[in-house]
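S.K.: Input: one structure, supplied below.
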Amino acid sequence: MDKLNENSKDSQRRTLQERIEAIFDLIDSEEDVFPKSRLKQIGLNPRTAEKWLKLIEYIQNQPKIRLIQTGHNTLIEKVEGKYQALMRKMAIDNTVPFEQRLQFVTDYLKSLYSREKMVNSRKNNES
């Protein structure tokens, strides 16, 4: 019982970064589908685990960003638009036939290339 209390105390003291790393370390260590209850191993009760999983799922469905450190500032650049995020999501959806997923990947890469060209063109015109 003391071990259980120790784990719950530790989970309260962990930073958000430490918690998310523990979640993904556990996910990486699993070979197959596993129940949410296994997150108890890293000190997350079912309600907290559900909140974290919903947050992770929400973030994974958003367009990708890149953080750029410049001097004392951090700039945020959108790497994808909503269309690219949708194409990426569809490309990994295993309920969609493989041939269609392959087309989504192709469309995704083409749209990323077009987006990069457009952004680079704007940067060159501003210079």
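The values are calculated or read from the model by the stated rules, or taken from the named source; none is laboratory data. From a predicted model like this one, the values you see are computed outputs, not experimental measurements. Positions of Cβ are backbone-derived with ideal geometry, glycine not excepted, and every protein chain shown enters the neighbour counts.
S.K.: Test Ile20 against the criterion of being modelled with pLDDT of 95 or more and either surrounded by 14 or more Cβ atoms within 10 Å (Cβ to Cβ) or of a type in the set (A, V, I, L, M, F, W, C) (or both), and give yes or no. Steps first, please.
M.R.: Values: modelled with pLDDT of 95 or more: yes; either surrounded by 14 or more Cβ atoms within 10 Å (Cβ to Cβ) or of a type in the set (A, V, I, L, M, F, W, C) (or both): yes.
Taking the combined requirement at face value, the residue satisfies it.
S.K.: At pLDDT below 95, within 21 Å of the chain's Cα centre (by Cα) and not in a helix (DSSP H, G or I): which single residue out of Arg88, Arg66 fits that description?
M.R.: Exactly one of Arg88, Arg66 is at pLDDT below 95, within 21 Å of the chain's Cα centre (by Cα) and not in a helix (DSSP H, G or I), namely Arg66.
S.K.: Next question. Going by what's in this entry, would Ile59 be described as among the hydrophobic types (A, V, I, L, M, F, W, C), closer than 19 Å to Glu21 by Cα and exposed (fewer than 13 other Cβ atoms within 10 Å of the Cβ)? If you could, list the steps in order and put the result at the bottom.
M.R.: Values: among the hydrophobic types (A, V, I, L, M, F, W, C): yes; closer than 19 Å to Glu21 by Cα: yes; exposed (fewer than 13 other Cβ atoms within 10 Å of the Cβ): yes.
The answer is yes for Ile59.
S.K.: State which residue is surrounded by the most Cβ atoms within 10 Å (Cβ to Cβ) when the search covers only the stretch 87-127 and only residues that are within 15 Å of Ile65 (Cα to Cα) and touching a helix residue (DSSP H, G or I) at 6+ places or on another chain (Cβ under 9 Å).
M.R.: Residues of the stretch 87-127 within 15 Å of Ile65 (Cα to Cα): 88, 112, 115-116, 119.
Okay, now just the ones that are also touching a helix residue (DSSP H, G or I) at 6+ places or on another chain (Cβ under 9 Å), so 88, 112, 115.
Working: Arg88: 20, Leu112: 17, Arg115: 16.
The qualifying residue surrounded by the most Cβ atoms within 10 Å (Cβ to Cβ) is Arg88.
S.K.: Looking at the stretch 29-57 only, could you name the residues that are farther than 20 Å from Thr15 by Cβ and of a type outside the set (D, E, K, R)?
M.R.: Answer for the stretch 29-57, where residues must be farther than 20 Å from Thr15 by Cβ and of a type outside the set (D, E, K, R): Ser29, Val33, Phe34, Pro35, Ser37, Pro46.
S.K.: Could we say that Glu80 is modelled with pLDDT under 90, surrounded by 11 or more Cβ atoms within 10 Å (Cβ to Cβ) and under 30 Å from Leu26 (Cα atoms) here? First the steps, then the outcome.
M.R.: On the way: modelled with pLDDT under 90: yes; surrounded by 11 or more Cβ atoms within 10 Å (Cβ to Cβ): yes; under 30 Å from Leu26 (Cα atoms): yes.
Taking the combined requirement at face value, the residue satisfies it.
S.K.: Before we move on, is Asp25 among the charged types (D, E, K, R) and modelled with pLDDT under 95? First the steps, then the outcome.
M.R.: Numbers: among the charged types (D, E, K, R): yes; modelled with pLDDT under 95: no.
The answer is no for Asp25.
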